[in-house]
Amino acid sequence: MDNLKRSIKQLENLIGKLDRNLDANYHILELIEDCKKEIGKKEEELVELKDQLKNARKDKEFYLTALNSLPNPIFMKNSRAEFIFFNEAYQEYFNMNPDDYLNRTVYSLEYLPINEREKYHREDIELIQSGRVKYHEKFFQLADKNHGNALYWSKGFMTEQTKTHGLIGEIVDISIQTSLKNELKKNIDKLELANQQIQEMAKLDYLTNIYNRRVLGELVQKVIEKDEKKSLSVYFLLADLDHFKLVNDNYGHSMGDKILVNFSSLLKESCREKDIIIRYGGEEFLIILLDADRLSAMKVAERIRCCAEKKLLLPNNCSITVSIGVTEYKTAEGVDSCLYRVDSALYQAKENGRNQIVVY
Ligand code: GH3
Ligand code: MG
Ligand code: MG
């Protein structure tokens, strides 16, 4: 522009010195005028371009500042899948120097195994071409040498006017959420275990530590149904300590408790592991003999009765006796109906004078 102005000045000087015909001078003056107009136009265009450049720089700074203000690591790649931008959060998260990676594709990152590099590069190219989005959870080696659990998100795109392809990605660290989730899972597991233990404890009698009658509904039905498939039968025994009220009255409640605990041990000793012993009421105990027959059930009942007579002794050496009702559980009759029958048998044993067994 300055050169052009200088040339015009020289021309004007020359014209002043020239002694030629007027037509030629006039033509030159016209040319000079055109040039001046052209220069004016160019000057205006230049001012406009300078404004545009200033605005573009302002915009660039604005968008860069915005991207750098984001707390999450952000990166961008060009149409050849080469890194062209990392925000400050990215540089901090990975403790990296952008100059080491700019204008390089993931394929050229030697520290990654070759098969991973190939895979990621292929993915990048595919996303850039298709404009698709990719989203997955990933473990990263972090600046402090720890591993960070993060959500990795990236998307290909194309600008509308210039049809330029690119890719933008974001990393959202979820290490805290992951450790909270793991912590929560551990606590839930502990709670579930505690809950199971509570449920098991709720089935036990606080004094004798054998089952209480809560198990009747669920456990007994289940066990009986399983045993029904066998050729041998299930037998119900209902044992009730005789004149137990007198024990409490004469020796106190704690002596009564002791007898109840001793009787529970005695029952356990007299039965097999698979049989079910339940404290059915205060001094009433239900024994369910699995895989038994009439003779074996009577033998067990008699063993219990004998043991009580011999071992369940009071301080005055008198024994506490037990009356027992015995009955067979009939296939598919239901627990309640069997209980009714065994209770009747027990009642009969009491009626007959106690310290005996009655089979119904
Ligand atoms: P029967 O021969 O007719 O069965 O007479 P019994 O005295 O044994 O029967 P009764 O039903 O009249 O009395 C039962 C007693 O058992 C009354 C109650 O105080 C006592 N008992 C029930 N549960 C407990 C307990 O947990 N501890 C103590 N120490 N006594 C209990
Ligand atoms: Mg009794
Ligand atoms: Mg009773």
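The values are calculated or read from the model by the stated rules, or taken from the named source; none is laboratory data. Predicted model only: the values in this text are computed from it and were never measured. We place every Cβ from the backbone using ideal geometry, glycine too, and count neighbours over all the protein chains shown.
Assorted remarks:
- Only residues that are hydroxyl-bearing (Ser, Thr, Tyr), under 18 Å from PHE140 (Cα atoms) and out of contact with any Gly (no Cβ under 7 Å at 6 or more places or on another chain) were counted across the range 159-188, and they come to 2.
- When VAL322 is tested against (1) within 16 Å of ligand 2 (Cβ to nearest atom); (2) in contact (Cβ under 8 Å) with a residue 60 or more places away in the chain; (3) over 19 Å from ASN352 (Cα atoms); (4) in contact with a strand residue (DSSP E or B) (Cβ under 6 Å, 6 or more places away or on another chain), only condition (3) is not met.
- Pairs where the first residue, in the range 331-360, is more than 25 Å from GLY217 (Cα to Cα) and the second is assigned to a loop (DSSP other than H, G, I, E, B) and acidic (Asp, Glu), C-beta under 8 Å, 6+ apart: LYS350/ASP242; ARG354/ASP242; ASN355/ASP242
- Some residue of the range 125-138 being polar (S, T, N, Q) and part of a helix (DSSP H, G or I): yes
- Of ASP275, ASP343, ASP336, all but one fail to be among the acidic types (Asp, Glu), at pLDDT below 95 and surrounded by 14 or more Cβ atoms within 10 Å (Cβ to Cβ); the exception is ASP275.
- Search result, residues across the range 139-187 that are free of Cβ contacts under 8 Å to residues at least 12 places away in the same chain, in a loop (DSSP other than H, G, I, E, B) and more than 20 Å from GLN91 (Cα to Cα): THR159, GLU160, GLN161, THR162, LYS163
- Among the conditions (1) more than 16 Å from ligand 2 (Cβ to nearest atom); (2) buried (at least 21 other Cβ atoms within 10 Å of the Cβ); (3) in contact (Cβ under 8 Å) with a residue 60 or more places away in the chain, the only one that ILE304 does not satisfy is (1).
- Within the range 259-283, being more than 21 Å from MET201 (Cα to Cα), part of a helix (DSSP H, G or I) and either away from ligand 2 (no atom under 15 Å from the Cβ) or within 48 Å of the chain's Cα centre (by Cα) (or both) holds for LEU266, GLU269, SER270.
- For the residues LYS54, LYS60, the requirement of being exposed (fewer than 12 other Cβ atoms within 10 Å of the Cβ) and closer than 30 Å to PHE140 by Cβ singles out LYS60.
- Filter result for ASP240 (within 16 Å of ligand 1 (Cβ to nearest atom) and either among the hydrophobic types (A, V, I, L, M, F, W, C) or assigned to a helix (DSSP H, G or I) (or both)): no
- When the range 62-89 is filtered for residues that are more than 17 Å from LYS155 (Cα to Cα), outside any loop (DSSP other than H, G, I, E, B) and either among the hydroxyl-bearing types (Ser, Thr, Tyr) or in contact with a helix residue (DSSP H, G or I) (Cβ under 9 Å, 6 or more places away or on another chain) (or both), the ones remaining, listed by number, are TYR63, THR65, ASN68, SER69, GLU88, ALA89.
- Candidate set from the range 284-300 (those that are surrounded by 21 or more Cβ atoms within 10 Å (Cβ to Cβ) and under 48 Å from the mean Cα position of the chain (by Cα)); member that is farthest from VAL335 (Cα to Cα): ALA292
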